[in-house]
Amino acid sequence: SQTIHQWPATLVQPVGSPLSLECTVEGTSNPNLYWYRQAAGRGLQLLFYSVGIGQISSEVPQNLSASRPQDRQFILSSKKLLLSDSGFYLCAWTGQGGYGYTFGSGTRLTVV
Amino acid sequence: AQSVSQHNHHVILSEAASLELGCNYSYGGTVNLFWYVQYPGQHLQLLLKYFSGDPLVKGIKGFEAEFIKSKFSFNLRKPSVQWSDTAEYFCAATNAGKSTFGDGTTLTVKP
């Protein structure tokens, strides 16, 4: 069966420090991969999505970047975190048919 | 641009009451519609989906949703809620593989 792993679960980082959040999917190949940010009381905002290795689309201009070095690995990064980068980050995958997302457990990032 | 609106931010019901959560989307083309649920301390998970065919779709745990194309709506319903339905519910519309989510509705069911 397919599973999605996302880590770490929580992270506290100082302003100006780098960031790397990792997401991996098992049990499927060539998934579409997504990074979302969920703010309290708000919906999910799509940050990046990828339909294949090295293919990254950015939805909103921001201080973050994403990479997909392997088929089932999706990484969210920043060179220098801002306070406004605090939030709950979710990785998700879907098959090529787009039959709904499967979400990871999320990372609660607090920038201090 | 595609958008999804959920009209109720917070709904409080007593057990056995009926539930209807509103969802409207704005997109002129073909969209796939979803409801996701996030129980306290758990992952977001898919509740039900609509792609085509019968506009009344049934999901897990007795939930259903009706797609009304003329109203651009996909409201979620359940005839009789339980305390365990307390959760946050998100409506989403997907086009070209990308989903746009509503802001979510927090449902609190009082025992």
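Quick check on my filter: what residues within segment A:46-68 are outside any loop (DSSP other than H, G, I, E, B) and either small (Gly, Ala, Ser) or at pLDDT below 90 (or both)?
Those that are outside any loop (DSSP other than H, G, I, E, B) and either small (Gly, Ala, Ser) or at pLDDT below 90 (or both): A:SER50, A:GLY52, A:SER57, A:SER58, A:SER65, A:ALA66, A:SER67.
Could you tell me how many of the residues in segment B:38-76 are within 11 Å of another protein chain (Cβ to nearest Cβ) and either touching a Ser or Thr at 6+ places or on another chain (Cβ under 6 Å) or part of a strand (DSSP E or B) (or both)?
9
Specify the residue that is surrounded by the fewest Cβ atoms within 10 Å (Cβ to Cβ); the eligible residues are those in segment B:1-52 that are aromatic (Phe, Trp, Tyr) and touching a residue at least 40 places away in the same chain (Cβ under 8 Å).
B:TYR39
Each row is one residue, and each column tells you yes or no for (1) out of contact with any Gly (no Cβ under 7 Å at 6 or more places or on another chain); (2) more than 12 Å from every other protein chain (Cβ to nearest Cβ).
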position	(1), (2)
A:VAL60	yes, no
A:LEU64	yes, yes
A:ARG72	yes, yes
A:LYS79	yes, yes
A:LEU83	yes, yes
A:THR94	no, no
A:GLY100	yes, no
A:THR107	yes, yes
A:VAL111	yes, yes
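Among the residues of segment B:95-111, count how many are under 30 Å from A:SER50 (Cα atoms) and buried (at least 19 other Cβ atoms within 10 Å of the Cβ).
Result for segment B:95-111: 6.
Go through segment A:29-45 and count every residue that is touching a strand residue (DSSP E or B) at 6+ places or on another chain (Cβ under 7 Å) and either more than 14 Å from chain B (Cβ to nearest Cβ) or in a strand (DSSP E or B) (or both).
Counting residues in segment A:29-45 that are touching a strand residue (DSSP E or B) at 6+ places or on another chain (Cβ under 7 Å) and either more than 14 Å from chain B (Cβ to nearest Cβ) or in a strand (DSSP E or B) (or both) gives 9.
State which residue pairs qualify: first residue on the phi > 0 side of the Ramachandran plot and inside segment A:12-38, second residue at pLDDT 95 or above in any location, beta carbons under 6 Å apart, and separation of 6 or more residues or different chains.
Close Cβ pairs satisfying both conditions: A:GLY16/A:LYS80.
Residues that are among the basic types (Lys, Arg), farther than 30 Å from A:TRP7 by Cβ and surrounded by fewer than 17 Cβ atoms within 10 Å (Cβ to Cβ): does segment B:61-71 have at least one?
Within segment B:61-71, one or more residues are among the basic types (Lys, Arg), farther than 30 Å from A:TRP7 by Cβ and surrounded by fewer than 17 Cβ atoms within 10 Å (Cβ to Cβ).
The values are calculated or read from the model by the stated rules, or taken from the named source; none is laboratory data. Just so we're clear, the structure is a prediction, and the values are computed from it rather than from any experiment. Note that each Cβ is placed from the backbone with ideal geometry, even for glycine, and that neighbours are counted across all protein chains shown.
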